[in-house]
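The values are calculated or read from the model by the stated rules, or taken from the named source; none is laboratory data. Please read all numbers here as calculations on a predicted model, not as lab measurements. Neighbour counts run over all protein chains shown; Cβ positions are idealised from the backbone, glycine included.
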Amino acid sequence: MSQHDFIIANQSFPATRTDLNNALAALASNSSGDSDPSTTYANQWWYETDTNILKIRNEDNNSWIEIATLDQTADNVLSITTQGLTLGATALTATGAEINALKVQGKETIYVPASAMYPNSTNGSSGSEQVELTNGPELKVLDFDPSTAEFAQFSVVFPKSWNEGTVTFQTFFTVNDTNTGTVGWGLSGVSIADDASTDTAFGTNVLATAKAHSGVANDLDVTVESGAVTVASAAEDCYTFFQIMRDATNDTQTADARLMGIKLFFTTNAKNDA
């Protein structure tokens, strides 16, 4: 750390050499110190050591302009001070807070309530029912039988930003019983493009890990996220059908499972649908 007025006085040679070395040390260290140099020049650098801020003197030589704050512990730039930034030929006008709030591509979810589903014509669940409880909310559910595999369907239109890859799901259900047996759910899907036949088979049914009921009637049960479900014929701008089923042959719950809804997990590869 060194500062200098950068004026070499008339003096003997040894003193001149010392003065020059001190001036060069100040230049090399950006006039570093915990207070600003006593003699300043337009466009002069100064590194303020007590705040770790790098500054440059303005053209009028009457103020310092902050450039950046350094992290001397982690050895990196902590922050840059700027009123504007141009990337290529485009001026960046968003604030830091706005940039931090930008939507990014990645894993997202869609929740589909049971009220948006309908039973299959063959081996279908019950139709949508509204269940009144003693207190609080009333439930919109589809009942699935404990002894026979039953099915229901729903549809979604994924955003254009969907990567047309596999999806996963979580099931939200309840049981109006004290039995602690497990309930298993499966899901399959198919996407239908414009001018394509809707009479198209679903993809492979994927079973999620069966979830044991708590043993308290009408307690909410939430399954863990399933494995990957491959949607048949997945493509952009399609109408996608899903079929949800109760895996009654493999679960152990002896009462009807009351489906309340499912959460679909999907992945986007663009920030928006432009």
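The residue that is surrounded by the most Cβ atoms within 10 Å (Cβ to Cβ), among those in region 248-274 that are assigned to a loop (DSSP other than H, G, I, E, B) and among the β-branched types (Val, Ile, Thr), is Thr252. Has region 158-175 got at least one residue that is within 30 Å of Glu138 (Cα to Cα), of a type in the set (S, T, N, Q) and outside any strand (DSSP E or B)? No; the residues of region 158-175 include none that is within 30 Å of Glu138 (Cα to Cα), of a type in the set (S, T, N, Q) and outside any strand (DSSP E or B). Taking the listed residues Ala196, Ala217, Ala149, the one that is more than 28 Å from the chain's Cα centre (by Cα), closer than 18 Å to Asn123 by Cα, assigned by TED's automatic domain parsing to the domain that holds Asn250 and aliphatic (A, V, I, L, M) is Ala149, with no other qualifying. For Ala208, are the conditions met, namely being over 23 Å from Thr148 (Cα atoms) and either under 29 Å from the mean Cα position of the chain (by Cα) or assigned by TED's automatic domain parsing to the domain that holds Gly136 (or both)? Considered against the rule, which asks whether it is over 23 Å from Thr148 (Cα atoms) and either under 29 Å from the mean Cα position of the chain (by Cα) or assigned by TED's automatic domain parsing to the domain that holds Gly136 (or both), Ala208 comes out as no. All conditions in (1) under 30 Å from Lys271 (Cβ atoms); (2) assigned by TED's automatic domain parsing to the domain that holds Ala255 hold for Phe144, with the sole exception of (1).
Which fully enclosed strands (runs of 3 or more DSSP E) of region 73-141 have 2 or more residues being farther than 30 Å from Asp219 by Cα and either touching a residue at least 60 places away in the same chain (Cβ under 8 Å) or not assigned by TED's automatic domain parsing to the domain that holds Ile262 (or both)?
76-80, 85-87, 90-92
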